[in-house]
Amino acid sequence: MNNKMNGKFIVIEGIDGCGKTTQINEICKWLPDSGLIANNKTVIKTREPGGSEMGGKLRELILSNDKNDPPSDLTELLLYSADRAEHINKIISPALKIGNWVVSDRFSGSTAAYQGYGRKINIDIINKLETIACQGINPNITFFLEISPEESIVRRKNKIPDRIESEGINFLKNVNEGFRILAREKKWETISATNEISVISNKIKQILMNKFSK
Ligand code: TMP
């Protein structure tokens, strides 16, 4: 039996341009009438960085393309971790406690992929900070929307890149490889994001139904 009183935490990960935002909008529209959630509960759509009020300010700081004074890799990692701690304390944890569902565009998997595999910061440091920032909160399910780094660049050709998106193809290849390794190790749901939008969202919905309707 599905205990509808328990909140669930759903995360979507992937490299820039993989279509996370489109899929999250679709899931959040569908979930309330999916039969998975009790009538008096809601779905919180959120993101990292920037899901909390202070996180919005941190997001600007982290992604600002100020070429004169980019943060060091360690500072970048700590800023993402600070954003996560605030996000958990102010948004995710309170929502889950009262049985609401949370759907987040990125979470700690992005730090492991971008700062771990992309920036090559020691994975022990990444893991320690994840433990500190997450305070025991883990996603119930993580989806990895997979596209190639080349496809990511093509899809973003008309967008002004933020600081991380400006890193170029080799960085992106390392991040993508990191996501693939993490998805295998952590048993995330990997979905090819080169299919049509509706094919991808139907697959996500089917996986959510299978996992949470029992
Ligand atoms: P977004 O464009 O998906 O909103 O994400 C902002 C950028 O931040 C994106 O390029 C990925 C990057 N990022 C990290 O490098 N580490 C993290 O922990 C998170 C959450 C995002």
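The values are calculated or read from the model by the stated rules, or taken from the named source; none is laboratory data. Every value quoted in this text rests on a predicted model; they were computed, and no experiment measured them. Note that each Cβ is placed from the backbone with ideal geometry, even for glycine, and that neighbours are counted across all protein chains shown.
Take the residues in the stretch 67-111 that are assigned to a helix (DSSP H, G or I) and of a type in the set (Ser, Thr, Tyr); name whichever of them is surrounded by the fewest Cβ atoms within 10 Å (Cβ to Cβ). Lay out the reasoning, then the answer.
Step one: of the stretch 67-111, the residues assigned to a helix (DSSP H, G or I) are 73-97, 108-111.
Among the residues that remain, those that are also of a type in the set (Ser, Thr, Tyr) are: 75, 80-81, 93, 108, 110-111.
Numbers: THR75: 12, TYR80: 23, SER81: 20, SER93: 17, SER108: 26, SER110: 26, THR111: 26.
Only one residue fits best here, namely THR75.
One line per residue, one yes/no per condition, for (1) within 17 Å of the chain's Cα centre (by Cα); (2) away from the ligand (no atom under 16 Å from the Cβ); (3) not basic (Lys, Arg):
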residue	(1), (2), (3)
GLU48	yes, no, yes
SER52	yes, no, yes
ARG59	yes, no, no
PRO71	no, no, yes
ILE91	yes, no, yes
PRO94	no, yes, yes
SER104	yes, no, yes
SER110	yes, no, yes
note = Among the residues of the stretch 50-96, the number that are free of Cβ contacts under 8 Å to residues at least 40 places away in the same chain and in contact with an Asp or Glu (Cβ under 9 Å, 6 or more places away or on another chain) is 11
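So, SER192, is that one at pLDDT 95 or above, of a type in the set (S, T, N, Q) and at negative phi or not?
Values: at pLDDT 95 or above: yes; of a type in the set (S, T, N, Q): yes; at negative phi: yes.
The answer is yes for SER192.
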remark   = Going through (1) buried (at least 20 other Cβ atoms within 10 Å of the Cβ); (2) assigned to a strand (DSSP E or B); (3) not small (Gly, Ala, Ser) one by one, LYS45 fails only at (1)
ask   = Is the stretch 28-40 home to any residue that is in contact (Cβ under 8 Å) with a residue 24 or more places away in the chain, within 12 Å of the ligand (Cβ to nearest atom) and surrounded by fewer than 20 Cβ atoms within 10 Å (Cβ to Cβ)?
value = no
ask   = Which is more than 19 Å from ILE137 (Cβ to Cβ) and modelled with pLDDT under 95, of LYS57, LYS67, LYS29, LYS20?
value = LYS67
remark   = Checked against (1) surrounded by 14 or more Cβ atoms within 10 Å (Cβ to Cβ); (2) modelled with pLDDT of 95 or more; (3) more than 27 Å from LYS128 (Cβ to Cβ), GLY14 satisfies every condition except (3)
